[in-house]
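What follows is calculated from the coordinates using simple rules that are stated; it is not laboratory data. Treat the numbers as computed from the prediction; the structure is a model and nothing was measured. Backbone-built Cβ (ideal geometry, glycine too); neighbour counts: all protein chains shown.
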Amino acid sequence: MLAGFLLVVVSLVGGLLFWRSATDTTAVLVAARDIPPGHVIQRDDLRIAEARFDGSLASLALGESELDVAVGRAASTTIHAGEMLVRPDLASGPVLGADEVAITISVTADTIYPGLRPTDEVTLLATSNAGRPESATVTLLDRATVFAIGLERRVVRSSTSNSPNEGATLANITLAVPRSEAEAIAHAVTNATITVVLLAPQETPVQP
């Protein structure tokens, strides 16, 4: 009789464990809207949902605690609204969108924020006739995404210095910009002084 009682207890415990494993869910990140390739993911692009995993999908999914991993990364593919984010959805670097082009501008390295990195967002200002009374500064582009950054040491010889290394370090900043703005930016790069202004991240609470 005792053996029968123990068998019933074991069966009940086993059934309870099976039921819990079949109904346990995990809080994961899902797209709050359609996210196109190349889009730099922001907090309001995501929401939290409960999901139950099978097999290897658990290791690919991004959980609620990994929100900071996803925000600021570029989407490598289209993520449809309601779809769960998985690690392959995040590009290892910025990705150009369908209506974007990459354009490179050169500025002296000491005029930009030293921590500037790919996926940061910036504003471009253009100053014409620098040093003259008619000088003016206008906003060339409200928002652009940094695609890549490179440094170049440029040697500038002057009549007052014998040093062959005198010069400035240039930062070559490649930006992902709308195709429609590329011509105006190229013109300004040639005819004006460009200032790169780092923008603060756009933070919006995730809606559950």
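Looking at the square roots a ≥ b ≥ c of the eigenvalues of the Cα gyration tensor of the stretch 27-90, which shape do they give, rounded for a/c under 1.5, prolate if a/b is larger than b/c, or oblate? In terms of gyration-tensor shape, prolate.
Toward the positive end of the charge dipole of the stretch 24-92, with +1 on the Cβ of Lys and Arg and -1 on the Cβ of Asp and Glu, the farthest Cα among LEU67, LEU90, ALA27 is that of LEU90.
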